[in-house]
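Okay, structure first, notes after.
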Amino acid sequence: MTDLFDIRGRVAVVTGGYGVLGGSMASALAAAGARVVILGRRVDEARAMVSRLTEAGGEAMYVIADVADRPALEQARAAVLAAWGSVDILVNAAGGNVARARTDHGPPFDMPMDAFDEVLRLNLHGTVLPSLVFGAAMADNKRGSIINISSMAATQALSGVMGYSAAKAAVENFTKWLAVDLARRCGEGLRVNAISPGFFIAAQNRAVLVDSEGQWTPRARAVLAKTPMGRFGRHEELHGAVRFLCSDAASFVTGTVLPIDGGFSAFTGV
């Protein structure tokens, strides 16, 4: 049974792999023996993340690309293939909200459409394009695992995040669509799934959950009231699901969206 979860030697590309959640998942994959590629736009942060992974005994490299820039992604793919010969795992961890697209403090009617487009580009385009570019390398071998990142906002109305909600709902639909297409086109070895984290404190949401004195904001208290476990998630609580979906233990799992949310999505609030 242990061998089913073995991902040693597999090449795992993690977009946004120096962020709080992306970096945590990248660290878990490296600790499990995967050869981890950190992909992002920021050279210093990518280099620092690779240093942390290698100092911990992992094998890692970085490539610089914008997840919404197809030519840059194609160059990154070429660099990975030249260095390590394959792409076995893709974790699309890049994403987040855009402050100008939030509608917390008034009606949505005046939200700038360019801000809405920016959220879609980061979260939806930034998932679709890496999946197509690195998925093509997986299709050549008819083997691989793509893991997308959804959100509680994809299926429930969360105030203030209209653009982000629309983008993540589209990510879930894309996950299912691509899973079906690749299974029929390439066979059972190429799988596409998503995880849907509940509420974890990260750089993008800290300011709306924690006030300047380190106390929970009203929004944080509302989230905790609707989370049966009564707490926020810990970053390492994403690791098991990611490793499972990357491994042969999930060989008959494709097109799924797995909530990791302390029961948030199951609870009506009553």
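The values are calculated or read from the model by the stated rules, or taken from the named source; none is laboratory data. This structure is a prediction, so every number in the text was calculated from the model and none was measured. Please note: Cβ atoms are built from the backbone with ideal geometry, for glycine as well, and neighbour counts cover all protein chains shown.
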Residue 242 vs. criteria of a type in the set (Val, Ile, Thr) and within 30 Å of residue 110 (Cβ to Cβ): no
Sole exception among (1) among the charged types (D, E, K, R); (2) crowded, with 24+ Cβ neighbours inside 10 Å; (3) touching a strand residue (DSSP E or B) at 6+ places or on another chain (Cβ under 7 Å) for residue 168, by number: (3)
Options 183, 179, 136; residue that is among the aliphatic types (A, V, I, L, M), out of contact with any Asp or Glu (no Cβ under 8 Å at 6 or more places or on another chain) and surrounded by 18 or more Cβ atoms within 10 Å (Cβ to Cβ): 179
Breaking point among (1) closer than 22 Å to residue 95 by Cβ; (2) without any contact (Cβ under 8 Å) to a residue 12 or more places away in the chain; (3) not assigned by TED's automatic domain parsing to the domain that holds residue 20, for residue 213: (1)
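Any idea which of 66, 6 is under 23 Å from residue 204 (Cβ atoms) and at pLDDT 95 or above?
66
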Check on residue 138, part of a strand (DSSP E or B) and closer than 28 Å to residue 189 by Cα: no
Any chance residue 88 is of a type in the set (Asp, Glu), within 25 Å of residue 233 (Cβ to Cβ) and out of contact with any Pro (no Cβ under 6 Å at 6 or more places or on another chain): no
Residue list for segment 74-130, restricted to those being at pLDDT below 90, farther than 18 Å from residue 172 by Cα and surrounded by 14 or more Cβ atoms within 10 Å (Cβ to Cβ): 98, 101, 102, 103, 111
Flag if residue 55 is more than 18 Å from the chain's Cα centre (by Cα) and within 20 Å of residue 131 (Cα to Cα): no
Scope segment 113-144; condition touching a Cys at 6+ places or on another chain (Cβ under 8 Å) and either without any contact (Cβ under 8 Å) to a residue 12 or more places away in the chain or more than 16 Å from residue 80 (Cα to Cα) (or both); matching residues: 142
